[in-house]
Amino acid sequence: MLKLSNIRLTEKLDIPALRKIAAGILGIAETEVNNLSIQKLSIDARKKPRVEFVYTLIAEVTNARTLTLKTNVSSYIQPEPYQFPQPRAAIKPVIVGTGPAGLFAALCLAEAGIKCVILERGKPVEERIRDISRFWLTGELDPDSNVQFGEGGAGTFSDGKLTTGISDPRVRYVFERLAEFGAPDEILYLAKPHVGTDNLRGVVKRIRERLIELGCDIRFGHRLVDIEVSNTQLQSITVEAGDARYSIETDKLILAPGNSARDTFEMLHKRGVQLLPKNFSVGVRIEHLQSEIDRSQYGTAPVGAIINRPRMTTTSRPRAADCRPYVSSHSIPASDYKLVTHLPNGRSVYTFCVCPGGYVVASSSEQSGVVTNGMSEFLRDGTNCNGAILAAVTPEDFGHAPLAGIEFQRKLEHAAFMAGGGNFHAPAQLVGDFLRRIPSTGAGKVSPTYRPGVRFCNLWDVLPELICEAIADALPDFARRVSAFGTPDAVLTAVESRSSCPVRIEREDCETVGIHGIFPCGEGAGYAGGIISAAVDGMRCAEAVNM
């Protein structure tokens, strides 16, 4: 197969049009391009208002080895698909958690013929949707069925971003399986792929149905509450389901608890599992009008505008006009941003989990704490764009005890809860007022999307000085790069505290240090940072269990 790189067009084209262009680049007849797929598609808006669609194509070509390739454009590749190793012994693993790590661990094992018991403290996604909707409408929280807990994990109620910085053959496998279970096919090639919360819920349900078809025993409303270890070997686990408790004998436990399983971390600590505090980040959600972010990122090129004149701009190849491509019309997607600044005091502040056309959502899992997160549907067609602004914190800020970071989170969440009125409303402030350290009294042109609602105040009275100062110092720098950040009416909503886990479960070769038979994985164990990396880590642990 041939890889054709850095093909720059001023329009998003379909496969027939791209086939013509590929043939022109290679100097062959179109009929000699037997198969063509998009490996990657990104948008380059650095020359605003000019916007370019940048393609990498994979082509199967007749007599490919006889072609003279232009090394700056094309190259030979040989894909190596991932294969899960065949089972070596009869095992009966238990998996705790149905986030990406737990689901992909279970999927790999089950399709290899290893049936698993899968425990999830929350509810199936259909019931979870109802519980979360009720919480957002009324403030009535179910501690075991919310944005943090339930089938699919916290990512099910997010933007469904699939970006990752890891290079691993398992990554492509995860993307292909997500598409197989109903994610849009474009996730296979977009540079910034996302599923959208609306699609992700269906994907999660179809993975569950596949696991049941393969013989897995999935138990919703069943929570891990204890482990029994003898001579450094796991012997059994204790599970709570409603008012009942029971034991499961197992020497293979894949533990994928998620960021917010605080009671699980406390239990593991009591049982001698080695936990370490780790760096994490806390801050706020910022909301702008999506139109202002688009204007900042694209210049005068409006989102939704039709670009009618395709033109190849890559050098050393035929122009699109010479290839006579079919012209199709596509719009520019809603834009996002990715910003980071390193302050003179050594602290970093960065944006995270940006949700174009999305919503700030209530993500609490405890009765006296307010937690925010971001969510958007696949079309990203909401009025506002929101993203987290996070300041990095370390054990020097919150303490070196294993669970000190959790207590730091709780303190911030409780302060936000009280500042919001004690009813899960969130404290909020306009950027202009925040920079002047004066309380806000209401919204300007940006209407906050957080539900059940917000209470305007002075966030300097809610969050620690070190967090507020870091964000205040970073905002002017962000505004120099994305002009919308200079908007005084942008809304800050607190607190964003669950971006990553403040604890790491120590492991070696995927197994807990000092105890055999426990395989911690995913974000909650401290080894991943998103849907894809969590799924890949779950696969690694499934392989280790299968050794």
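The values are calculated or read from the model by the stated rules, or taken from the named source; none is laboratory data. If you're wondering where the values come from, they're calculated on a predicted model, not measured in any experiment. Note that we place each Cβ from the backbone using ideal geometry, even for glycine, and neighbour counts take in every protein chain shown. Heavy atoms of the whole protein, side chains included, go into the accessibility calculation; ligands, DNA and RNA do not. Shrake-Rupley method; radii C 1.70, N 1.55, O 1.52, S 1.80 Å.
Keeping every protein chain present and rolling a 1.4 Å probe, give me the accessible area per residue for segment 463-515 in Å². Could you put the intermediate results ahead of the total?
Numbers: 1780 Å² over 53 residues.
Here the per-residue accessible area is 34 Å².
Given 10 °C and 1.306 mPa s, compute D for segment 100-185 with the Stokes-Einstein relation, Rh being the Kirkwood radius over Cα pairs; round to the nearest whole µm²/s.
Translational diffusion coefficient: 108 µm²/s.
Report the local net charge at A428: Lys and Arg +1, Asp and Glu -1, summed over other residues whose C-beta lies under 11 Å from its C-beta.
Working: positive: R285, R455; negative: E287, D433.
With Lys, Arg at +1 and Asp, Glu at -1, the net is 0.
Ignoring ligands, DNA and RNA, please state the percent of accessible area on segment 344-482 from carbon and sulfur, probe 1.4 Å.
Carbon and sulfur together cover 52 percent of it.
Ordered by packing density, taken as the mean number of other Cβ atoms within 10 Å over each peptide's residues, highest first, how do 487-500, 3-16 rank?
487-500, 3-16
Rg and Dmax in Å for segment 460-547, alpha carbons only: what are they?
Values for segment 460-547 (Cα only, Rg and Dmax): 19.5, 57 Å.
Is the C-alpha gyration tensor of segment 38-137 telling us rounded, prolate or oblate? Criteria: a/c under 1.5 is rounded; beyond that, a/b larger than b/c is prolate, otherwise oblate.
oblate
Calculate one ³J(HN,Hα) per residue across segment 412-426 by plugging θ = phi - 60° into the Karplus curve 6.51 cos²θ - 1.76 cosθ + 1.60, and present them in order as whole Hz with x for glycine and proline.
Ordered by residue, 3J(HN,Hα) equals 5, 5, 5, 4, 5, 4, 5, 5, x, x, x, 10, 6, 5, 9 Hz.
Given charges of +1 on the Cβ of Lys and Arg and -1 on the Cβ of Asp and Glu, with all other atoms neutral, how large is the dipole of segment 190-276 about its Cα centre, in debye to the nearest 20?
Here segment 190-276 has a charge dipole of around 440 debye.
Run the helix sum for the chain: -39,500 (n - 2.57) per DSSP H stretch of 4+ residues, divided by residue count, reported at 222 nm to the nearest 500 deg cm²/dmol.
Computed ellipticity for the chain at 222 nm equals -8000 deg cm²/dmol.
Compute the signed sum of charges (Lys and Arg +1, Asp and Glu -1) over the other residues within less than 15 Å, Cβ to Cβ, of E287.
-3
Taking a cut-off of 23 Å, what percent of all Cα-Cα pairs in segment 136-259 are separated by more than that?
Distances greater than 23 Å cover 48 percent of the Cα pairs.
Where the centre of each part is set by its Cα atoms, how far does segment 493-509 sit from segment 160-211, in angstrom?
23 Å
Enter the accessible area per residue of segment 17-92 (Å², integer; probe 1.4 Å; all protein chains in place).
Accessible area per residue: 60 Å².
Taking only the Cα atoms of the chain, how large is their convex hull per residue, in Å³? Please list the in-between numbers first.
Numbers: hull volume 84.8 nm³, N = 547.
Taking only Cα atoms, the chain has a hull volume of 155 Å³ per residue.
What's the magnitude of the charge dipole for the chain around its Cα centre, counting Lys and Arg as +1 and Asp and Glu as -1 at the beta-carbon? Answer in Debye, nearest 20.
With Lys and Arg at +1 and Asp and Glu at -1, about 1800 debye.
Arrange the peptides 511-522, 408-419 so that the one whose residues have, on average, the most other Cβ atoms within 10 Å appears first.
Output ranking for 511-522, 408-419: 511-522, 408-419.
Ignoring ligands, DNA and RNA, what percent of the 1.4 Å accessible area of segment 59-193 is carbon and sulfur?
51 percent
How large is Rg/Rh for segment 343-409, to two decimals, with Cα atoms and a Kirkwood Rh?
1.08
For the chain, what relative contact order do you get, as a whole percent, if you take Cα pairs closer than 8 Å and at least 6 residues apart?
Working: 1315 pairs, mean separation 107.3, N = 547.
Relative contact order of the chain: 20 percent.
Can you give me the accessible area per residue for segment 193-237, using a 1.4 Å probe, in Å²?
Details: 1900 Å² over 45 residues.
Value returned for segment 193-237: 42 Å² of accessible area per residue.
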